Structure formats: C-alpha cells, structure tokens
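What follows is a set of notes on a single structure, which appears directly below.
Only the coordinates and a few stated rules stand behind these numbers; no lab work does. It should be emphasised that the depicted structure is a prediction, and the values quoted were computed from it without experimental measurement.
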Amino acid sequence: MTDVVEYPYFRTPRPTNPNAPLFIYLPGMDGTGLLLDRQLAGLEKGFDIRCLSISLNDLSSWEVLTEQVVNLVRVELQRELQQSVYLCGESFGGCLALKVITRAPELFKRFVLINPASSFQRFPWMYWGSLLVQPFPEPIHRLSCLSFLPFLAALNRITPDNRRALLDAMISVSQETSVWRLSLLREFQIGEAELRQITQPTLVIASGSDRLLPSILEADRLVQLMPNARKHVLPYSGHACLLEADIDLYEIMQSEGFLPERQPELEESIVSG
C-alpha cells in the first residue's frame, strides 16, 4: 500500500535544475498541483519547478499552511543558496501566496498571481452561497462537481483530457475538505497596508471571462495597492485558465519582461537535456 503524505510537501514534476531560479506554484482548491502539468514544458525552460501538494484531508488553518510553506521554501534555499525564488499562486493558492509573501518577504524575488480568490469575502453572493455547501451523498457530490465545471472553466478552450483532469481533481478532494477550504476563503483577509508592503515585482494575471470570481476587478484592486504590480488580462479565458490550450504561462511572463536573465549554465543544461 502506498503511504499517504499527511502534510504539505513540494512535488518536483521535472528534473531539478539548480542553475535556474526556483518557481514555486501554490495550487487551487484541489491542492494537488497536478493541474499545472500542461504548463511544465514551457516553465522548465527557465525555472527549477516545485508544486505544493496539500493532503486531500488537510484541515489546516491559514496560519499553519503559511508556516508550512515558508518552512518548505527555506529548506529548498538551504540546498541551493544562490537561487532566487518566484512565488506563484492560483485561485485558492493565490490567497495562500499572499499570506506567505507577507509572512516572509525576504525569501522571494518576484510574485505571480493567477485569478486569486482574494475577492471571495467581499462579494455577498459567493460568501453566502458557500455557506450552503454541505456534504452530500457521494453520487450527488460527483454530479455537483460536474455541474460546476462550466463556472470553473471555459470548457470550449480546454481539451477533453484536461477537462477530465479538472473533474478528477475536483472529485478527489473530500467533501469535508471542500467545505473547510471554502470556510478559509470566507475568512481570508489581507489589509491594504499589507498589500502596499509587497514590493517585489508582481504580475497579476486575470481572466476576462471568469464566471466564478470577478478576477479583472480584483486584479485592478491589487495592482492599485501593490507598488510594483502590473496586470495581464486574458480576455477570453475562464477561471482555470492554465488548462486552456492556447495559454502558455511562460510566454505570458516573457511578454511582460518577467523572466530571469538567461544564464550560461542554464542554457547549457537546457541544450544537454
């Protein structure tokens, strides 16, 4: 029987590349990090990638999750002291990333947010609607996940394999965990003063056709408050934009001048790989 890891850890989805900056991805509500997989071929051109994986039954508070992620980053930096760190959070992971970077700003060089769920509490229909989510019998839970897909993603922009991966990720999380993580979003808070103290160059990626959250409005708010932030709009994308066939996170970062400078050691490792 395979042991189940009950605490968060960093998955290494590609061979390590200590000559490249660390790219640390904090995932959405599923907590697996597996939904980043279609972006890996691009990202590995310039980064040493780590994906946070949270146990499917993890009921930790924001404070505990934040400390665990900060400690995991410190462990990585002890192995490769010269590496700079890019922190990237998507949706639920965007909220966690905001907690992490305000807890230990000295660890991170650049910051990427993708449709962060940091607006959840300020929109009453999301807040009160989430209070109605309670555990159902398993067949109803699976059906509810399927009916929720059109709100979570622009399905016409996602291949059938990735639609299946998204549905599998949703179903994999226990109902108890889903209810708990929604409660974390309801209580998530970060003050304007804290946002103004995030001085790292920041890229906020927002989907123009997000049916789940008002991502454009939230990106505008964050960019206005964070002193070195800029916005990149994906006009036709849904909330789960990284699964879409024509979205390439590496190319988006490149278009915004947000990539690390190419180093000779990194060029050599890419060629030899």
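Counting every alpha-carbon pair across segment 9-272, the share separated by more than 35 Å comes to 11%. Close amide-amide hydrogen proximity is noted between I54 and T32, each under 5 Å apart and 5 or more residues distant or on a separate chain (H modeled in the peptide plane; Pro and chain starts excluded).
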